[in-house]
């Protein structure tokens, strides 16, 4: 039986790249993670023209996403798609949020509904290591009142850090998907 591939977020958690989630109240983390998941799903639908505003708390974020797409002139090429790659002998899988055509360039964009952490550019590097290596990269930070694209400037440094994370995980034997400390991996999406 074929082992499932390790996920980008598992590799980052294995390398302690996320904040110490245990310092936050569990109920708050779970609420933020749930909101981020809903916003991502609604944004994926909106990117395909399939979203209806129901005036829910998540819809405020999606309205900002739709407004940003319209105002920026960005064209959605793909949403919520799977990337498979191998770095340092470690095969992995990732689920990227958004591929855009914007200002005559292709972009790989990760949507975040909260704070931006140092691990996020490295996470995007993991997604980009596949077929999207030459895309521009950015984070689309959504709030109920705004949306802003934060371009990744030094992608070479993020790429090197991603390669180091893969190498360290491979050396520790994390070469297939397995249950990690739930305090790290299952809440990785709290910021979208």
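Structure above, values below:
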{"item": "The stretch 34-60, residues that are surrounded by fewer than 20 Cβ atoms within 10 Å (Cβ to Cβ) and under 30 Å from residue 170 (Cα atoms)", "result": "37"}
{"item": "The one condition in (1) surrounded by fewer than 17 Cβ atoms within 10 Å (Cβ to Cβ); (2) part of a loop (DSSP other than H, G, I, E, B) that residue 174 fails to fulfil", "result": "(1)"}
{"item": "Single residue of the stretch 1-18 satisfying the filter (part of a loop (DSSP other than H, G, I, E, B) and at pLDDT 75 or above) that is farthest from residue 91 (Cα to Cα)", "result": "18"}
{"item": "Options 126, 156, 114, 138: the member that is farther than 15 Å from residue 94 by Cβ and part of a helix (DSSP H, G or I)", "result": "156"}
{"item": "Total residues in the stretch 139-161, condition modelled with pLDDT of 95 or more, crowded, with 20+ Cβ neighbours inside 10 Å and either more than 15 Å from residue 113 (Cβ to Cβ) or out of contact with any strand residue (DSSP E or B) (no Cβ under 8 Å at 6 or more places or on another chain) (or both)", "result": "0"}
{"item": "Residue list for the stretch 25-41, restricted to those being more than 14 Å from the chain's Cα centre (by Cα) and in contact (Cβ under 8 Å) with a residue 60 or more places away in the chain", "result": "29, 30, 32, 35"}
{"item": "Hits in the stretch 94-105 (condition: surrounded by fewer than 18 Cβ atoms within 10 Å (Cβ to Cβ) and closer than 18 Å to residue 121 by Cα)", "result": "95"}
{"item": "Per-region count, the stretch 61-73, residues exposed (fewer than 12 other Cβ atoms within 10 Å of the Cβ) and either assigned to a loop (DSSP other than H, G, I, E, B) or in contact (Cβ under 8 Å) with a residue 12 or more places away in the chain (or both)", "result": "1"}
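The values are calculated or read from the model by the stated rules, or taken from the named source; none is laboratory data. Fair warning: this is a prediction, and the values are worked out from it, not measured in the lab. Note that each Cβ is placed from the backbone with ideal geometry, even for glycine, and that neighbours are counted across all protein chains shown.
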